[in-house]
Amino acid sequence: MMIHTPTNIALRQSGIYARANACDWQFQWPLHTHEGLEVYYFIQGRANYVIGDNIYDLLPGDMLLFNGDKIHRVNPSQDVPYIRSYVNFMPALIEQCMPSEMSKKLLSLFESPNGLLIRWSPEEREEIERFFQTLCSEIEKETFGYEWMSVTLLSQMLVRIYRKSKHLMELSRIQQPSHSQANVKRILQYLNQNYTENISLADLSKALHLNKYYMCHCFKEVTGYTINNYLMSKRIEEAKKLLLSSDQPIGSISEQLGFNTSIHFSRTFKQYAGASPQMFRKETADRQ
C-alpha cells in the first residue's frame, strides 16, 4: 500500500491536481490512497478499477467519483493503450467559491464508500473531455487568473456531473458485475471487515463457500493482487492512519492490527511502505 505523494504535494500547494488524456504506463499499479477527492474519467483501453469493496469493469466514457482516502487501484490490460483523465482536489476549493447548500450537493457525489460510477453517452463525452483539457491547460500555463479559472471550470464540471447523476434511469442501466467480479466483491468485503484477524485462505474459503483455488485465481485476475498481498496492504494502510493520527506505541498498533509480533509488523511495514513505522511517523510529521 502506498500514499501517492505527488498528488498530496500538488494538493497542499494549490488544492488541485489534474491530467488530461494521460497515456503513460506504469510497471506496477499499486493500491494507494491520497488526500482530497478524485474525478477519474476512462477514455480508452480495458481495465478494472477497485475502490473499497467494489470492482468496476470500465467502458470508455465511464467516470468514477470517490474520496482519495479510500483504497483504490486500477488494473489495466497491457494489450491496448490505456488512456484516462483525472482531477484531484481539496473540498475547500468548492466550499469557498459557492453557496453552502450548493457545495454540499456537489460534494455529496463523493460520499459513497465504494465510489460512484457515472456512465456518459458517446454524445456527452466531447463535453466532458473538453472540461479536462481546458482545466489542465489553465493549470499548466499559470497565466493571469488561472487559479480562479481552474476553480470555475472544476465547479462547472461538478455541476454537470451532479445533473447527470440525478438521471436515475441512466444509472439503472449500469451493467451487472460478472460472476467472478461478484465473488471478488464478496472477498473484498470480508477482508475489509476482518483484516485484523489472522485469516487463512482455508478460513476465507469456508466463510464464503468458495473453492480456494478458484477464489485465488479470480481475485488475482480481477484486482491484480493476491489475496494475501491485498490483506497486508490493507493492514499497512490502516497502520499508517494510526501512526499519523495517534501517539500509540508501535507494539499497540501491531497488536491492534493482528500482527503476531512487533518485529513482524515492523518488517512487513518496511516491505510495503519503504520505511520502518518509527521512521514513517517521524518523516511524515517533519513534512507537515
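Points to keep in mind about this one:
- Output for segment 180-228, where each listed residue is within 20 Å of Thr261 (Cβ to Cβ) and under 19 Å from the mean Cα position of the chain (by Cα): Tyr195
- For Leu58, the conditions (1) touching a helix residue (DSSP H, G or I) at 6+ places or on another chain (Cβ under 8 Å); (2) within 25 Å of Ala182 (Cβ to Cβ); (3) without any contact (Cβ under 8 Å) to a residue 24 or more places away in the chain are fulfilled apart from (1).
- Pair list, Cβ < 7 Å and 6+ apart or interchain, from segment 242-264 residues that are touching a residue at least 60 places away in the same chain (Cβ under 8 Å) to residues that are exposed (fewer than 11 other Cβ atoms within 10 Å of the Cβ) and part of a loop (DSSP other than H, G, I, E, B): Gly258/Asn198
- Restricting the first member to segment 222-239 and to residues that are outside the structural domain of Ser205 (by TED's automatic domain parsing), and the second to residues that are surrounded by fewer than 22 Cβ atoms within 10 Å (Cβ to Cβ), no beta-carbon pair is closer than 7 Å while six or more apart or on different chains.
- Looking only at residues of segment 189-214 that are surrounded by 17 or more Cβ atoms within 10 Å (Cβ to Cβ) and of a type in the set (A, V, I, L, M), we find that the one that is nearest to Asn114 (Cα to Cα) is Leu191.
- Complete set of residues in segment 252-288 that are β-branched (Val, Ile, Thr) and under 25 Å from the mean Cα position of the chain (by Cα): Ile253, Thr268, Thr284
- Only residues that are touching a Leu at 6+ places or on another chain (Cβ under 9 Å) and either at pLDDT below 95 or crowded, with 19+ Cβ neighbours inside 10 Å (or both) were counted in segment 133-148, giving 2.
- Scan segment 76-100 for residues that are in contact (Cβ under 8 Å) with a residue 60 or more places away in the chain and in a strand (DSSP E or B) and the total you get is 7.
- Exclusive hit being closer than 30 Å to Phe27 by Cα, small (Gly, Ala, Ser) and at pLDDT 90 or above, set Ser254, Ser205, Ser276, Ser233: Ser276
The values are calculated or read from the model by the stated rules, or taken from the named source; none is laboratory data. Keep in mind that what you see is a predicted model, and the values were worked out from it rather than measured. All Cβ positions, even for glycine, are placed from backbone atoms using ideal geometry, and neighbour counts span all protein chains on display.
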